[in-house]
Amino acid sequence: MSERTLAIIKPDAVKKNAVGDIINRYEQAGLKPVAIKMIHMSQSVVEGFYAVHKARPFFGSLCAFMSSGPAVVLVLQGDNAIKKNRELMGATDPAKADAGSIRKAHGANIEFNAVHGSDSPETAQFEIGYFFPGMEIFS
């Protein structure tokens, strides 16, 4: 079933010049970028995006990190895009991520882990809409 998911190449991976490699991994796995842009998120944009984590102890450091530099936000489309992207990303902690995963290759630790991906169809719908109006997405 073809679906869409949001992916973010986080500031640490952008800084390490890993954007091309990460997008290549998406494409090689059959996930087609149908929207893409580089943005430098403000603190308030990050806080709104991660509002679901507001009560968690890592919220402040996550927001500081995500607003520390430019990130690349993408909408990926393909069969089982959400599940496929989560497999490509690997475990949240790069030390526990499978060999060949994006986080194993480009993440430094649980906080600086290179990429974000939607975890459910409902989350994907919210996250895609947060960054992309419908007319910015192409099939």
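Using 0.36 nm per residue of separation minus the Cα-Cα distance, give me the extension gain between Ala95 and His53 in nm, one decimal.
The span from Ala95 to His53 would gain 12.9 nm if fully extended.
How large a share of the accessible area of the chain, in percent, is made up of carbon and sulfur atoms when the probe is 1.4 Å and the other protein chains stay in place?
Details: 3940 of 7050 Å².
The value for the chain is 56 percent carbon and sulfur by accessible area.
Let me cross-check Tyr130: its accessible surface, 1.4 Å probe, with only protein heavy atoms counted, in Å² to the nearest 10?
Approximately 80 Å² of Tyr130 is accessible to the 1.4 Å probe.
What accessible area per residue comes out for region 27-107, rounded to a whole number of Å², with a 1.4 Å probe?
Accessible surface, normalised per residue, equals 50 Å².
Nearest 20 debye, what's the magnitude of the dipole of the chain about its Cα centre given +1 on Lys and Arg Cβ and -1 on Asp and Glu Cβ? Before the final figure, lay out the partial values.
Values: 15 positive and 14 negative charges, 46 e Å.
Charge dipole, the chain, about its Cα centre: 220 debye, nearest 20.
Evaluate E = 1/(1 + (r/R0)^6) for Asn109 and Asn17, where r is the Cβ-Cβ distance and R0 equals 22 Å; express this FRET efficiency to the nearest 0.05.
Working from the Cβ atoms, E equals 0.70.
Give me the one-decimal nm value for the distance between modelled label points at Ser68 and Ser2, 7 Å along each residue's Cα-to-Cβ direction.
Distance between label points: 3.8 nm.
Where nothing but the Cβ of Lys and Arg (+1) and of Asp and Glu (-1) is charged, how large is the charge dipole of region 33-95 around its Cα centre, in debye to the nearest 20? Walk me through the numbers before you get to the answer.
Values: 6 positive and 4 negative charges, 18 e Å.
Rounded to the nearest 20 debye, it is 80 debye.
What residue among Ala18, Ser139, Gln77 has its Cα farthest toward the positive end of the dipole of the chain, where the charges are +1 on Lys, Arg and -1 on Asp, Glu, each on the Cβ?
Positive-most Cα among the choices belongs to Ala18.
Out of every Cα-Cα pair in region 3-67, what percent are more than 19 Å apart?
42 percent
Once you have a ≥ b ≥ c as the square roots of the Cα gyration tensor eigenvalues for the chain, tell me rounded if a/c is under 1.5, and otherwise prolate or oblate according to whether a/b is larger than b/c.
Rounded shape, in that the Cα axes give a/c under 1.5.
Quick one: if the Förster radius is 30 Å, what FRET efficiency do Met135 and His40 give, using the C-beta to C-beta distance and rounding to 0.05?
Numbers: r = 23 Å, r/R0 = 0.75.
Efficiency for this residue pair is about 0.85.
Around Ser139, with a cut-off of 10 angstrom between Cβ atoms, what is the net charge of the other residues, counting Lys and Arg +1 and Asp and Glu -1?
Around Ser139, the charge tally is +2.
The values are calculated or read from the model by the stated rules, or taken from the named source; none is laboratory data. Bear in mind the structure is a predicted one, so any value in this text is a computation, not a measurement. Quick reminder, even Gly has a Cβ in these numbers, built from the backbone with ideal geometry, and neighbours come from all protein chains shown. Heads up: the accessible areas ignore ligands, DNA and RNA and are worked out on the full protein's heavy atoms, side chains in. Shrake-Rupley method; radii C 1.70, N 1.55, O 1.52, S 1.80 Å.
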